[in-house]
Structures are given as C-alpha cells and as structure tokens.
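Data first, discussion second: the structure below is written as structure tokens.
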Amino acid sequence: MPSRLTARSFTGWFMLFLSLLALGTVFFGQALWFVVPVIAGQGCISGGTCGAMAAVLGLWLQPGLLIAASVVGAMAFYGRGLAVGSRLWALFPLALLMPYLPSLFMLGNLWGVNLGSLFLFFPRWSLFELMPLMTLGVLLCFQVEYTPGFADSIARTRLYGSIPIGVIYVGSCVWVCSDLLLSLSPNLGLPVAVAQDIRDLLFFPLSVANGEVFAGLPPGGVRPDLVVPLGTVINLVAFLVLSYALALDSSGRLRRTSALVLIDLIDKNGDNRDKPMFRPGRRFDE
C-alpha cells in the first residue's frame, strides 16, 4: 500500500486508474485490436487464427484490466484517504468495481471449476453508475484537507456548522455500494429472487432502452442503454452540497481552531505557564 498521498501524487494514480478502467470497458475493443497484432505479428488479419486468438485473449485481457484498475484504485484511495482522515475510502473503488467482474469468475471454467457459483453479481449496466467514484476521485485531486470546511475528515464535514452533510454523503456512498453485500446472499441463505427484489427497492432505477423510458429495468431481460439509480442521483446531489461546504463554509476551520484556542487558554494560565504541556506520566488536569 502507498503511504500518504498528496493531491498531486493522487492525480497520477487516479489517471492510471481511469485509463485501466476505460481500456477494460469502453475502449476494450480498441485495446484488443491493438494487442492481437502485436502478439500475432503484423500479418494478422481479421478472422481465422487471429479471430480465435482475439476471443481467447479477450477472456483473459478484460478481467486482467479490470482487476488492475481495482487494485490501482484501492491503493490510490487508500493513500489519499490517509491524508483526508479515512483509509476506508479504499473500499469504495472495490465495492463499485466488483460487480463489473463476473467475467473474472469465468476464468475458473477453463479448469472445470465454477468459482462464480458462490456469488450473485449484479452487473453495472452503464458507466453512469460509477459517477460517485469518479466525482470523489476528482475532489481528492484537490487539496481538500486545506479547504475552509474540512474538519479532519470528509465524514465530519458540516454545512453551516450544523447539517451533517459529510455523514449524509458517506451514507449515500454505502447505499450505492450495497448491491455488493447483496451479492453474498446465496451464502447467507437469502434466495436470489428475494435479493433481486431488495436491490430493486434500494435502487429503483430509471432506465432507457430503445428510446423508451422505464421505471426500473426493461422487461424481458432487455439490456438497457442507460440506467439512472436513485442512490447515484442522491449521492451526486450530496456531493455537490459537500463540495460547497468544503470550499465556502468556514465552520470546519472554526472547529479545527477551537482545539488551538483551548491550548492557548491553558498556556495563559499562570499555574501552567512554565510547565510542559505533554510529558510522560503527566495528566492533563495537573
């Protein structure tokens, strides 16, 4: 794991994460088109041996890119989380990217072992569902720890000193990641149909397929062109309010300085003026 990352260092890690994720999803066809001729030689043409190589290589390449993106993302958010008050942000990219990896468990079928039988994965239908992760990553590319509203961690951020927008934002992040917990439902004795119903209640998405808008997923197993989960929308709204609180609200800075004011008052007390504030074996009330 990397050590504490500054905003500048995190930006490099984050760009690498985005590149690996893009190659494993949106630009996977282009990545495969580039890799196959490199391995097979310049004489490779579409179809024939090269087509078979593309099919086999794609089975390994896409999971490899997504696994690499997950690892890089977890390391980046962990290192940056040390600087913003919570290393648990490393779980955010893992929880959002794991439902992208059902192809990872297909690798077990090559040896006759179905590793995916223990899990129920709800695939991400669109990259819009990764917007909470992208927006937080962009925020962490800035020096949020020095903003007026920052109070030692994102979770402690308050709007106007009273509204716990940090807690609301963290709760919305847990919401958008909750389907990963539901993926373990077969091991917990929860029927798959019940887990699917719970997921529909938690997310209740709007989806677009073939130009039609549906409340929920399209019927008949039709793959939607766009999915807008309710949790993602609430997360993005909470993110905007959080950004406002961090950038423009000075209540976080006031809370950070309150401890310094207390120390200064103790130092002005005549009984403690010549005593060191911290020394082994000394209690605070001495």
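The values are calculated or read from the model by the stated rules, or taken from the named source; none is laboratory data. All values reported here derive from a predicted model rather than from experimental measurement. FYI the Cβ positions are ideal-geometry reconstructions off the backbone, even for glycines, and counts take in every protein chain you see. What goes into the accessible areas is simple: the full protein's heavy atoms, side chains included, and nothing from ligands, DNA or RNA. Shrake-Rupley method; radii C 1.70, N 1.55, O 1.52, S 1.80 Å.
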* Structure fact -> Considering the stretch 206-219, residues that are out of contact with any Gly (no Cβ under 9 Å at 6 or more places or on another chain) and in a strand (DSSP E or B), and then whichever is surrounded by the fewest Cβ atoms within 10 Å (Cβ to Cβ), we arrive at A215
* Scope the stretch 173-205; condition small (G, A, S) and either part of a helix (DSSP H, G or I) or open to solvent by 20 Å² or more (accessible area, probe 1.4 Å) (or both); matching residues -> S178, S185, G189, A193, A195
* Structure fact -> By residue number, the members of the stretch 201-216 that are closer than 19 Å to R124 by Cβ and not β-branched (V, I, T) are L201, L202, F203, F204, P205, L206, S207, A209, F214, G216
* Would you pick out the residues in the stretch 204-241 that are within 30 Å of Y160 (Cα to Cα) and free of Cβ contacts under 8 Å to residues at least 60 places away in the same chain? -> L230, G231, V233, V237, L240
* Any idea which of F34, F28 is modelled with pLDDT of 75 or more and of a type in the set (F, W, Y)? -> F28
* Asked: Counting only residues that are modelled with pLDDT of 90 or more and of a type in the set (G, A, S), which one in the stretch 154-190 is nearest to G85 (Cα to Cα)?
  -> A155
* Which of the residues spanning the stretch 59-89 are open to solvent by less than 10 Å² (accessible area, probe 1.4 Å) and more than 14 Å from the chain's Cα centre (by Cα)? -> P63, V84
* Asked: Checking E286 against (1) open to solvent by 70 Å² or more (accessible area, probe 1.4 Å); (2) modelled with pLDDT of 80 or more, which test does it fail?
  -> (2)
* Structure fact -> Going through (1) open to solvent by 10 Å² or more (accessible area, probe 1.4 Å); (2) in contact with a Ser or Thr (Cβ under 7 Å, 6 or more places away or on another chain); (3) in a helix (DSSP H, G or I) one by one, G161 fails only at (3)
* Just a yes or no: is a residue in the stretch 88-103 modelled with pLDDT of 95 or more, part of a helix (DSSP H, G or I) and among the hydroxyl-bearing types (S, T, Y)? -> no
* Long-range neighbours under 8 Å by Cβ, at least six apart or interchain, first residue acidic (D, E) and at pLDDT 85 or above within the stretch 119-144, second open to solvent by less than 20 Å² (accessible area, probe 1.4 Å) and not in a helix (DSSP H, G or I) -> E129/V227; E129/P229
* Asked: Only one of (1) closer than 19 Å to L91 by Cβ; (2) open to solvent by less than 10 Å² (accessible area, probe 1.4 Å); (3) not in a helix (DSSP H, G or I) is not met by V227, so which one is it?
  -> (1)
